[in-house]
Amino acid sequence: MKIKQILITLITVTLFSGCKENKSETTKAQNSTSDSIKANYLDYSKSDDQATGGIKMIPIKTPKGTFNVWTKRVGNNPTIKVLLLHGGPGGTHEFFESYDGYFPNESIEYIYYDQLGSYYSDQPSDKSLWTIDRFVEEVEQVRIALKLDNSNFYLLGQSWGGILAMEYALKYQKNLKGLVISNMMASAPAYNKYAEDVLGPKLPKEVFNQIKEFEKNKDYQNPKYAELLFKYYYTEHILRMPIDKWPESINRAFKHLNPEVYIYMQGPSEFGITGDATLKNWDITSKLKTLTIPTLVIGSQYDTMDPKHMEWISKEVQNGRFLYCPNGSHCSQFDDQEHYFPGVIKFLRDVEAGNFKKS
């Protein structure tokens, strides 16, 4: 009996020791890989974009000819490459410059990218180019040019970039490792209703009435209209800081906004998608359930978008997680960094480690 117990004990100890050794070896390998990535993160010496500091002008074929779009890579990481889709439409990568303060610390490679029509890229004036389908194909051409694939390719879209990211994923999710939808609903009519029924009434009544009167008369160029929006709406729901405290990169992004693209697709105001804007009836709520890739959806308490709708998106997709920013607005990457960046970084790390769990 004693011999049997001794044998069982020896076998148990041997198995346990083996597990510990295997686990230790796995941990060592992971740490070694992490150390190697960190050591080479800013080494551009073997890259074809060293001379330009990571910048590449990528030719994009369209029905109206070939144009160039601007991209800039920051860092090296063979398994995490995040392509950033800015808002607008017609905005710039400058809306993402706060990422410089967070992603390099985590050795996360990220790629700035100005879409066609945006400030650093070619700006053709043919309105037939400003369609969702064409922008989706543009992103696909950028992906191919940058050699991104489902072993490393994360797509992060904010605002209009969120629309573009969702539409890209609906067609090309096989190319993605993960998807981040930041501060964007899946329905323009639902967004308009939220602005009209929830956000508008929170404004002082006389201010809301004046804004609606300007919009009714299509008097969007009236300086008073812009003044009311910035003073009472933008500083509450776009970026929750006094205008004179807005980051320089945000001011630069607004200065560089292409109004031709923006007004044609989004309309002349951030207070809903107005006028004859082509995105006015956009709605993909019925298609979300087809998305199977790991997906992070970010919603903020004071956003122009309904955070409850964003939480719903995270449950509607098959493999989603919701990140809530309690102090954030539409640009929560600036006004709620305390929650925004740890949440995004955790998502990327969880997917990488195979520990991602939907919420």
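Fully extending the segment from Asp244 to Lys202, taken as 0.36 nm per residue of separation minus the present Cα-Cα distance, adds 12.8 nm. Paramagnetic label reach from Leu42 (point 7 Å along Cα→Cβ; backbone nitrogen cut-off under 20 Å): within segment 96-129, residues 97-112.
Rolling a 1.4 angstrom probe over the protein heavy atoms with all chains in place gives segment 170-280 an accessible area of 48 Å² per residue.
In straight-distance terms, cross-link reach from Lys171 covers every one of the lysines whose alpha-carbon lies under 19 Å from its own, apart from those fewer than eight places away in the same chain; here that gives Lys61, Lys147, Lys287, Lys289. Computed from backbone phi, the HN-Hα couplings of segment 255-268 come to 5, 8, 4, 8, x, 5, 6, 4, 5, 5, 9, 9, x, x Hz, rounded to whole numbers (Karplus: 6.51 cos²θ - 1.76 cosθ + 1.60, θ = phi - 60°; Gly and Pro given as x). Counting only residues at least eight positions apart within a chain, or on another chain, the aspartates and glutamates with an alpha carbon under 14 Å from that of Lys245 are Glu236, Asp335. Using only the Cα atoms of segment 120-263, build the gyration tensor, take square roots of its eigenvalues as a ≥ b ≥ c, and label the shape rounded, prolate or oblate: rounded if a/c is under 1.5, else prolate if a/b is larger than b/c, else oblate. Here segment 120-263 falls in the prolate category. Residues of segment 61-105 with backbone nitrogen within less than 13 Å of a virtual label 7 Å along the Cα-to-Cβ line of Gln337, please, listed as ranges. Once the point is set 7 Å along Cα→Cβ of Gln337, 96-105 turn out to lie under 13 Å by backbone N, inside segment 61-105. Cross-linked pairs Lys177/Lys358; Lys38/Lys72; Lys280/Lys346: Cα-Cα separations exceed 22 Å for Lys280/Lys346. What the phi angles of segment 115-129 give under the Karplus curve with 6.51, -1.76 and 1.60, with θ = phi - 60°, is a coupling list of 5, 4, x, 8, 4, 8, 10, 4, 10, x, 10, 8, 5, 5, 7 Hz, glycine and proline written as x.
What FRET efficiency comes out for the pair Lys218/Leu170, r = Cβ-Cβ distance, R0 = 25 Å, nearest 0.05? My answer for the efficiency is 0.15. Spin-label model, Asp35/Asp49: points 7 Å from Cα along the beta carbon direction are separated by 2.9 nm. Based on Cα contacts under 8 Å between residues 6+ apart, the chain shows a relative contact order of 15 percent.
How far is the Cα center of segment 249-300 from the Cα center of segment 97-142, in Å? Going from one Cα centre to the other spans 14 Å. Among the listed values [x] -0.26, -0.43, -0.75; [y] -0.30, -0.52, -0.90; [z] -0.17, -0.32, -0.63, the one matching log10 I(q)/I(0) by the Debye sum over Cα atoms at q = 0.06, 0.08, 0.11 Å⁻¹ as calculated from this structure is [x]. Rounded to whole numbers, the Karplus 3J(HN,Hα) couplings from phi for segment 235-244 are 6, 9, 10, 9, 8, 7, 8, x, 3, 6 Hz, using 6.51 cos²θ - 1.76 cosθ + 1.60 with θ = phi - 60°, and x at Gly and Pro.
The values are calculated or read from the model by the stated rules, or taken from the named source; none is laboratory data. Only a predicted model underlies this, so the values are computations on that prediction, with no experimental measurement involved. Glycine gets a Cβ as well: all are built from the backbone with ideal geometry, and neighbour counts include every protein chain shown. These area figures cover heavy atoms from the full protein model, side chains too; ligands, DNA and RNA do not enter into them. Shrake-Rupley method; radii C 1.70, N 1.55, O 1.52, S 1.80 Å.
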